[in-house]
1. Report whether or not R334 is open to solvent by less than 70 Å² (accessible area, probe 1.4 Å), over 23 Å from L63 (Cα atoms), among the charged types (D, E, K, R) and modelled with pLDDT of 85 or more.
2. Within the range 201-220, is there a residue that is under 22 Å from the mean Cα position of the chain (by Cα) and of a type in the set (K, R)?
3. Given the range 289-364, what strands (runs of 3 or more DSSP E) lie entirely inside it while holding 2 or more residues that are out of contact with any Phe, Trp or Tyr (no Cβ under 8 Å at 6 or more places or on another chain), closer than 18 Å to L382 by Cα and touching a residue at least 40 places away in the same chain (Cβ under 8 Å)?
4. Residues to consider are R105, R146, R139; find the one that is within 23 Å of the chain's Cα centre (by Cα) and closer than 22 Å to P356 by Cβ.
5. Report the residue count in the range 347-361 for those that are crowded, with 24+ Cβ neighbours inside 10 Å and either over 30 Å from L406 (Cβ atoms) or modelled with pLDDT under 90 (or both).
6. Looking at the range 261-288 only, could you name the residues that are in contact with a Pro (Cβ under 7 Å, 6 or more places away or on another chain), closer than 27 Å to G392 by Cα and not in a loop (DSSP other than H, G, I, E, B)?
7. Give me the residue from the range 120-141 that is in a loop (DSSP other than H, G, I, E, B) and closer than 21 Å to F311 by Cα and, out of that set, modelled with the highest pLDDT.
8. What do you reckon, is P142 over 13 Å from S229 (Cβ atoms), surrounded by fewer than 20 Cβ atoms within 10 Å (Cβ to Cβ) and without any contact (Cβ under 8 Å) to a residue 60 or more places away in the chain?
Amino acid sequence: MAGSDEEADVAASDDPAAIDHASSRVPLQEIRRYVGVFNAVREAYVEPVEDRKLMTSAIRGLLLDLDPHSVYMEKDTATAFDEGTEGAYDGIGVEVMYLGDGSMRVIAPIDGTPAAKAGIRAGDVIISVDGRTLTPSDREGPGPLRGAPGTSVMIGVLRDGETAPLEIRVDRETIRVVSVRGRMLEPGYAYVRLSQFQVDTAADFSRIVSELKQQAGGKLRGLVIDLRSNPGGLLTSAVQIADDLLDEGKIVSTRGRIPISDAEFSASPGDLLDGAPVIVLVDVGSASAAEVLAGALRDNNRARVIGSRTFGKGSVQTVLPLDNGDSVKLTTARYYTPSGRSIQARGIDPDVTLRPDGAASADPDAPRAATMYTEANLPGHLQGDEEDGSTGGEALPGEGPISAALAELKKPWVPAAQGRVQDAPPATTPTPAATARPGASPVQSNDTPPASASTGPEDASSAATPGESGATAPASSLDEPGQASPPSIPADDPQAPAAPAPVAPAPEAAPTSSATPSR
């Protein structure tokens, strides 16, 4: 023989489910090492452990050290994950990301839900539910925050600035997420809030903008797009909205190890606003698909970004369904803005930086019960090309940032090459704005604004092949690079919004971006 048993490989042909490729061969020595540990635990552990439980733990461990967004989901967990992307489920209305000890970091509370009404904030760390400390086992199935409408739950929360955990009671109800809302701020100036990217988000955005144009007499003088605490969602929805506002240019590209993960999306002719200026409002909770939209509009000089540095989730997850109903959510690619920048672990720095209300008088020595919440601070995160070790942006709740965005919208637009990133006063006291120039072209920059925490699911998608989702069956996509917490949508779902035709081969399933499951 050419080598010893310990050096031999198990050919892919020995496993009918494996792909016939050299890279699919597993060294026999490693299989023996695993079996040795498996048998040792089964025979000598202090208490009996079922074989299936041991195998499930081993599979989870296989993904655990890859990155924070690659996970194994048993059937119940996968079902709960999908429900989040569909915009209707029973819970408290918060997007979370699981931490290693079982606690959950809030990416963002969903607008208008019990969690938002009870005062849950982006960046909060949920450490207990009904007096019981959370453990890693609590991430199995729907999780402790889900439950029948009409019931309530007591949540223990660590929050920056608080010396002890807070106890917050939150009612459960059927959460039906309205991802798009709009209103007029002043005659001619409109505001659209995007809370996450779902199947119908792009169509709803187009409809609401058209209605606002009618209210303004047929033409808008400017638009504020609010992406604060938007954890992401379906990448296709973010791409379609960018296409609605761009006449031409790249929107986003994805790059992975295998060709199917590489795709490039470009805009088609037609601008829904006919060139009216756009301001994109972001914070530390703006992640994944929200960052894709912000980056696409700024890099194409179509909008200015204001707020705080965003979350920095620049990876794409693919949901790979398994025959037994379980799924694997695997990071398969990184995404890049039109200028070729990866925002992974960096985020988007805003053109104009805003501070939270009262930030100027805040005590710099105040205790920080919850650590800074950004992609760069997640254990095991993918290293970013422009990662700088900073703590990231801040959450920007309230109406102050909207007033600041309106003031910025009225200022004369300057070509991006001549623009200079500047700091603005706290959102409560925006600098007086100059008179707006109707029809002026908005300026875009490459800096990403600080992000605000949100409570959306991790970006992920499920599909037969990598992209945002991938497996042997149609996949659904969430907020990873492209989608966020909402459930994944099959690539061929007739309800899914049509995205501009990719220049490069597109994933079989629509990419998604999200942080973690909705609860």
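The values are calculated or read from the model by the stated rules, or taken from the named source; none is laboratory data. Source: prediction; values computed, not measured. Please note: Cβ atoms are built from the backbone with ideal geometry, for glycine as well, and neighbour counts cover all protein chains shown. SASA here: full protein model, heavy atoms, side chains in, ligands and nucleic acids out. Shrake-Rupley method; radii C 1.70, N 1.55, O 1.52, S 1.80 Å.
1. On the way: open to solvent by less than 70 Å² (accessible area, probe 1.4 Å): yes; over 23 Å from L63 (Cα atoms): no; among the charged types (D, E, K, R): yes; modelled with pLDDT of 85 or more: yes.
Spelling it out, it is not the case that R334 is open to solvent by less than 70 Å² (accessible area, probe 1.4 Å), over 23 Å from L63 (Cα atoms), among the charged types (D, E, K, R) and modelled with pLDDT of 85 or more.
2. So in the range 201-220, the residues under 22 Å from the mean Cα position of the chain (by Cα) come out as 201-206.
Next cut, of a type in the set (K, R) only: none.
Scanning the range 201-220 turns up no residue that is under 22 Å from the mean Cα position of the chain (by Cα) and of a type in the set (K, R).
3. The strands (runs of 3 or more DSSP E) meeting that bar are 315-321, 327-336.
4. Working: R146 fails: closer than 22 Å to P356 by Cβ; R139 fails: closer than 22 Å to P356 by Cβ.
Within the list R105, R146, R139, the selection yields R105.
5. So the answer is 0.
6. Within the range 261-288, V278, L281, V282 qualify.
7. Pass one, the range 120-141, residues in a loop (DSSP other than H, G, I, E, B): 120-124, 130-131, 134-135, 140-141.
Pick out the ones that are also closer than 21 Å to F311 by Cα and you get 120-124.
Numbers: I120: 93, R121: 88, A122: 79, G123: 82, D124: 90.
Only one residue fits best here, namely I120.
8. On the way: over 13 Å from S229 (Cβ atoms): yes; surrounded by fewer than 20 Cβ atoms within 10 Å (Cβ to Cβ): yes; without any contact (Cβ under 8 Å) to a residue 60 or more places away in the chain: no.
Against the criterion (over 13 Å from S229 (Cβ atoms), surrounded by fewer than 20 Cβ atoms within 10 Å (Cβ to Cβ) and without any contact (Cβ under 8 Å) to a residue 60 or more places away in the chain), P142 does not qualify.
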